[in-house]
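Written below as structure tokens is the structure these notes are about.
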Amino acid sequence: MPPSAVPFSRSLRSMRGDGYRTAFGAALIAAVLLTAWSVWMVSVRFSVYESSAGARTVAARAVHPIVSAVDGRVESVEAVLGQSVREGDVLLRLDTSAERLALEEQRARASSRRGELKELERQIAASAEARERAIEAAQRAAAAADAARHELELLESLAREDLARQERLAELGGVSEFEVSRARTEAERATAAIATHERDEERAALERTRALRDRESSLAALRRDRVKLEGELARGALELQRLETEITRRQLTAPAAGEVGELGALTRGSWVRAGATLATVVARSGLVVEAEFPAAAAVGRIRPGQSGRLRLDGFPWARYGSVPVTVARVGAEARDGRIQVELEVDGQRPPPVPLRHGLVGTVEVEVDRVTPFQLLLASVGAGGSDRDGTAAR
């Protein structure tokens, strides 16, 4: 064998060995890549989003229409569109000149009635005091009359005793008939004095009773006048309250803190009707997003608690990003093929743009998380369905 034959045969064997190693390495790399791809196909999950047909930001149940409760003429407009207002701030005033005039008249009448009532209270107190004094005087007069009658009865008793003694002495001849007659006259005079006293006391008692009744009647009349006057004051107070309420109803105020979202074209002298909406106050109570989704895509797939993102038309998302939102409520019935969904703005993260009432855009809600293998199966199934449908047509 020539000397060069051995190295050549070794070279061939080396080349065959290198070829086997390269093929094995390539197969191994392919197997690793295939395994990694298979793992990726079944383990990695992607978010599936459903896009809305439209969306807008609105104040969360805090849009307050300002409605006129009465007919009237505009006296002044105190607010402008977009103005920040506090609760109770006057936005618009209607003419209240007639009500204010009636209010002043009622106040003057009430002041006069209170003066009359004060004077009447003084008269009642004086009359009641006079009545008490009259009762005391009557009691003293009755006591004095009783004492006088008792004295007259004593005098009568003495006169009767003297008459009896004189009559006994006359029987014994100790006194003359004249003395007996004189004693009898004194006894009769004492009896007549008692009778006269009784008649006088009866007339005096009647006079005292009549005077006391007159005082009681006068006092009762004063008290009736007081009740009547108090009733007038109470009715006047109600009328004052009614007029003040009427004036308040003609002052349209902000029911909550916020800003004036709408304002009618009103000027001084404009006539407004009861029930007309004159302005709108958007309260500072947070914003929600109202979106509409196709019913076929939303029913059963969009549920409260799901996360999403809001992309605003006026703020390109590539520059400003999107606003994180969460599904709060889902409509129960479709209207015109759409389901209304209410979403809340994530308060934990500040929005990339300042939010306010009335911004429009699009909402994407994450409805599922699937693997690439599931997506492949879904696309294959959709393709098969399309082919079946084409064959059927």
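Couple of notes before you dig in:
- One residue from Gly88, Gly72 being surrounded by 14 or more Cβ atoms within 10 Å (Cβ to Cβ), outside the structural domain of Gln306 (by TED's automatic domain parsing), modelled with pLDDT of 85 or more and not aliphatic (A, V, I, L, M): Gly72
Table: residues versus (1) touching a residue at least 60 places away in the same chain (Cβ under 8 Å); (2) not assigned by TED's automatic domain parsing to the domain that holds Leu238; (3) not in a loop (DSSP other than H, G, I, E, B).
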residue: Ser76; (1), (2), (3): yes, yes, yes
residue: Ala102; (1), (2), (3): yes, no, yes
residue: Glu116; (1), (2), (3): yes, no, yes
residue: Arg122; (1), (2), (3): no, no, yes
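- Test: residue in the range 281-288 that is over 20 Å from the mean Cα position of the chain (by Cα), over 17 Å from Asp71 (Cα atoms) and among the small types (Gly, Ala, Ser): yes
- Subset of the range 42-69 [assigned to a loop (DSSP other than H, G, I, E, B), under 28 Å from the mean Cα position of the chain (by Cα) and modelled with pLDDT of 80 or more]: Ser68, Ala69
- Evaluated against (1) without any contact (Cβ under 8 Å) to a residue 60 or more places away in the chain; (2) of a type in the set (D, E, K, R); (3) more than 30 Å from Ser47 (Cα to Cα), Arg273 falls short on exactly one condition, (1).
- Restricting the search to strands (runs of 3 or more DSSP E) fully inside the range 292-346 and requiring at least 1 residues that are under 17 Å from Arg356 (Cα atoms), β-branched (Val, Ile, Thr) and touching a Pro at 6+ places or on another chain (Cβ under 7 Å) gives 323-330, 338-345.
- Test result for Ala142, free of Cβ contacts under 8 Å to residues at least 24 places away in the same chain and either assigned by TED's automatic domain parsing to the domain that holds Val365 or not β-branched (Val, Ile, Thr) (or both): no
- Out of Val227, Val260, Val180, sole residue that is in a helix (DSSP H, G or I) and either loosely packed, with under 14 Cβ neighbours inside 10 Å or not assigned by TED's automatic domain parsing to the domain that holds Leu120 (or both): Val227
- Residue in the range 94-108 that is over 30 Å from Gly269 (Cβ atoms) and crowded, with 17+ Cβ neighbours inside 10 Å present: no
- Of all residues in the range 313-323 being over 37 Å from the mean Cα position of the chain (by Cα) and surrounded by 14 or more Cβ atoms within 10 Å (Cβ to Cβ), the one that is modelled with the lowest pLDDT: Trp317
- Selection of first residues in the range 172-185 that are at pLDDT 80 or above and of second residues that are of a type in the set (D, E, K, R), restricted to Cβ pairs under 6 Å at least 6 apart or on distinct chains, gives the following pairs, ordered by first then second residue: Val180/Glu167; Ala183/Asp162.
- The one condition from (1) touching a strand residue (DSSP E or B) at 6+ places or on another chain (Cβ under 8 Å); (2) part of a loop (DSSP other than H, G, I, E, B) that Ala265 does not meet is (1).
- Scanning the range 119-133 turns up no residue that is under 23 Å from Glu232 (Cα atoms), within 41 Å of the chain's Cα centre (by Cα) and loosely packed, with under 12 Cβ neighbours inside 10 Å.
- Test set (1) modelled with pLDDT under 85; (2) small (Gly, Ala, Ser); (3) not assigned by TED's automatic domain parsing to the domain that holds Ser68 - Ala291 fails condition number: (1)
- Hey, Glu99 touching a helix residue (DSSP H, G or I) at 6+ places or on another chain (Cβ under 6 Å) and modelled with pLDDT of 85 or more or not: yes
The values are calculated or read from the model by the stated rules, or taken from the named source; none is laboratory data. All figures in this text were calculated on a predicted structure; none of them were measured in a lab. Glycine gets a Cβ as well: all are built from the backbone with ideal geometry, and neighbour counts include every protein chain shown.
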